[in-house]
Protein chains: 2
Amino acid sequence: MTATLTHTEENYLKAIYKANEKTKEAVSTNMIAQYMNTSPASVTDMMKKLSTKGLIIYERYKGSRLSSEGSKSATSVIRKHRLWETFLVQKLGFSWEKVHDIAEELEHIHSEELINRLDDYLGFPKYDPHGDPIPSADGKFTLREQIIVSQLNIGEVGVLVGVKNHETSFLDHLNKCHISLGTSIAILDKSSFDKSLQVHIDNDHQILLTHEVSKNLLVRKS
Amino acid sequence: MTATLTHTEENYLKAIYKANEKTKEAVSTNMIAQYMNTSPASVTDMMKKLSTKGLIIYERYKGSRLSSEGSKSATSVIRKHRLWETFLVQKLGFSWEKVHDIAEELEHIHSEELINRLDDYLGFPKYDPHGDPIPSADGKFTLREQIIVSQLNIGEVGVLVGVKNHETSFLDHLNKCHISLGTSIAILDKSSFDKSLQVHIDNDHQILLTHEVSKNLLVRKS
DNA sequence: ATATATTTTTAGATAAGTCTAAATATTTAT
DNA sequence: ATAAATATTTAGACTTATCTAAAAATATAT
């Protein structure tokens with residue numbers, strides 16, 4: 001058991017894992033196709049294969065969900081991705097908007113000893129450079145109290161603990177606004193018209209956050 | 001140009017590079033098949049492909065050699081392999097006999113920025129944990145005076161600077177003999193019958209090195 | 001120099017992952 | 001409840017990298 005999977009198989013499992021995080025239900029073929037940026041027909045082919053291997057539970061026209069073994073594999077890939085991202089930022093000095101694509105490759109290096117030694121080397125971090133929780137060697141996530149910044153009321157203050165979008169363009173935008181993990185965000189005003197937020201950043205400067213931006217910002221109330 | 005190559009293409013280029021290091025001539029299809037542990041027929045197919053891409057010069061029945069672009073790619077893969085091995089040993093505490101297979105995977109991660117930052121992080125090492133020279137970012141190797149230990153005369157002393165075999169079983173054997181990079185080896189006697197060497201290790205203990213072992217030990221005369 | 005052995009290439013198949021177009025199932029709307 | 005819209009699967013084809021078996025070229029030995 002725990003046979004070696006191809007990069008593609010691992011990517012499909014990861015996609016199902018992430019899609020299921022949102023919907024909490026069996027994931028549709030179309031949704032997986034979107035995540036994988038491929039055609040629904042290709043997804044169907046792969047679902048049959050992963051199903052035969054016992055990694056997912058798949059029913060024609062009903063969607064797919066991870067088996068416990070598939071879930072273990074997906075979690076392992078996510079662990080590798082997040083530990084490598086942490087390494088790239090903390091040790092090699094990359095900035096957070098440049099590490100995603102490199103980690104997409106590194107997450108498929110198979111050695112468990114490697115990733116466990118890396119974990120140790122980094123001091124067993126609980127969160128990666130985007131604030132996502134890093135599963136431990138036994139697959140456990142460390143969760144925390146967090147809300148989307150727009151859920152704060154006027155007058156309340158939050159500290160940025162994570163971002164829901166990892167695209168370079170989004171993170172570059174945050175860099176321009178001097179927003180990074182640990183930044184404090186105080187709500188000055190909320191527009192009910194366009195859902196934008198007028199905020200005070202680090203008690204230093206005022207800016208407007210569009211809904212497109214704010215919906216991707218996770219904060220801890222402070 | 002400098003299009004992204006598949007793992008397999010990179011491995012073929014590396015095989016041709018290494019085979020050519022020995023023969024200095026065009027490399028035969030059979031020899032590449034041995035290096036790649038595959039069939040000559042598969043090699044022929046790949047030679048046509050690499051030739052079309054301008055990475056090798058291939059003539060039917062005459063063998064293959066790297067073009068300057070192919071040589072650049074091969075050197076880049078070797079650089080990655082050796083830097084990752086250095087990282088695994090120096091930073092993650094792996095011992096030298098366990099790093100080869102992991103580095104075989106890591107060498108195919110494509111980011112040049114990654115490998116250059118890693119190089120910097122490691123302090124621009126000139127040699128890897130097996131004593132092989134690490135090409136710099138511009139492809140230059142740092143060579144050094146070295147001979148095979150059996151070329152020393154009785155009474156002479158050498159310091160181990162490299163090994164020509166990276167197999168776990170060979171390196172494990174050296175570990176048992178307490179031989180590692182930097183170990184001093186003094187020649188006490190040489191058998192002309194089986195080419196074995198009686199040696200003194202680190203002025204500490206005497207052992208017999210079979211030809212099978214000694215032909216893989218590179219030393220600097222001291 | 002000619003037969004034999006060796007090396008290399010060609011021919012035809014297979015498996016993984018992908019595609020488009022067509023067929024089928026399910027959902028939604030009236 | 002039936003038609004229309006949407007989602008999913010099937011069918012058939014393509015690419016990459018591999019294989020075995022057979023054919024062709026080259027090298028070797030007497």
Next item on the list: Say whether the condition of being in a strand (DSSP E or B) and either loosely packed, with under 15 Cβ neighbours inside 10 Å or in contact (Cβ under 8 Å) with a residue 60 or more places away in the chain (or both) is met by at least one residue in segment A:173-188.
Entry: yes
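Of A:Thr168, A:Thr210, which residue is outside the structural domain of A:Arg79 (by TED's automatic domain parsing), in contact (Cβ under 8 Å) with a residue 40 or more places away in the chain and β-branched (Val, Ile, Thr)? So that I can check it myself, show each step before the final result.
Working: A:Thr210 fails: in contact (Cβ under 8 Å) with a residue 40 or more places away in the chain.
Sole residue among the options that is outside the structural domain of A:Arg79 (by TED's automatic domain parsing), in contact (Cβ under 8 Å) with a residue 40 or more places away in the chain and β-branched (Val, Ile, Thr): A:Thr168.
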Notebook entry, point to check: Which residues, taken from segment B:12-27, are assigned to a helix (DSSP H, G or I) and either on the phi > 0 side of the Ramachandran plot or within 12 Å of DNA strand C (Cβ to nearest atom) (or both)?
Noted result: B:Ala19, B:Thr23
Next item on the list: Please determine, by comparing only the residues of segment B:98-143 that are touching a residue at least 60 places away in the same chain (Cβ under 8 Å) and more than 10 Å from every other protein chain (Cβ to nearest Cβ), which one is surrounded by the most Cβ atoms within 10 Å (Cβ to Cβ).
Entry: B:Glu107
Next item on the list: State whether one or more residues within segment B:156-175 are modelled with pLDDT of 95 or more, closer than 30 Å to A:His100 by Cα and acidic (Asp, Glu).
Entry: no
Note to self: Being away from DNA strand D (no atom under 16 Å from the Cβ), surrounded by fewer than 11 Cβ atoms within 10 Å (Cβ to Cβ) and not hydroxyl-bearing (Ser, Thr, Tyr) is the filter here; which residues of segment A:1-40 pass it?
What the structure shows: A:Met1, A:Ala3, A:Glu21
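Quick grid of which residues meet (1) within 14 Å of chain B (Cβ to nearest Cβ); (2) farther than 24 Å from B:Ile109 by Cα; (3) near DNA strand C (Cβ under 8 Å from one of its atoms):
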site: A:Ala3; (1), (2), (3): no, no, no
site: A:Glu10; (1), (2), (3): yes, no, no
site: A:Thr29; (1), (2), (3): no, yes, no
site: A:Tyr35; (1), (2), (3): no, no, no
site: A:Pro40; (1), (2), (3): no, yes, yes
site: A:Ser51; (1), (2), (3): no, yes, no
site: A:Leu66; (1), (2), (3): no, yes, no
site: A:Ser71; (1), (2), (3): no, yes, no
site: A:Ile78; (1), (2), (3): no, no, no
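Against the definition (more than 23 Å from A:Asp138 (Cβ to Cβ), more than 14 Å from chain B (Cβ to nearest Cβ) and either open to solvent by 20 Å² or more (accessible area, probe 1.4 Å) or hydrophobic (A, V, I, L, M, F, W, C) (or both)), how does A:Lys62 come out, yes or no?
Values: more than 23 Å from A:Asp138 (Cβ to Cβ): yes; more than 14 Å from chain B (Cβ to nearest Cβ): yes; either open to solvent by 20 Å² or more (accessible area, probe 1.4 Å) or hydrophobic (A, V, I, L, M, F, W, C) (or both): yes.
Yes; evaluated as a whole, the condition is true for this residue.
The values are calculated or read from the model by the stated rules, or taken from the named source; none is laboratory data. None of these values were measured; they are calculated from a predicted model. Because the Cβ atoms are built from the backbone with ideal geometry, glycine has one as well, and the counts that use them run over all protein chains shown. The area values use the complete protein model at the heavy-atom level, side chains included, leaving out ligands, DNA and RNA. Shrake-Rupley method; radii C 1.70, N 1.55, O 1.52, S 1.80 Å.
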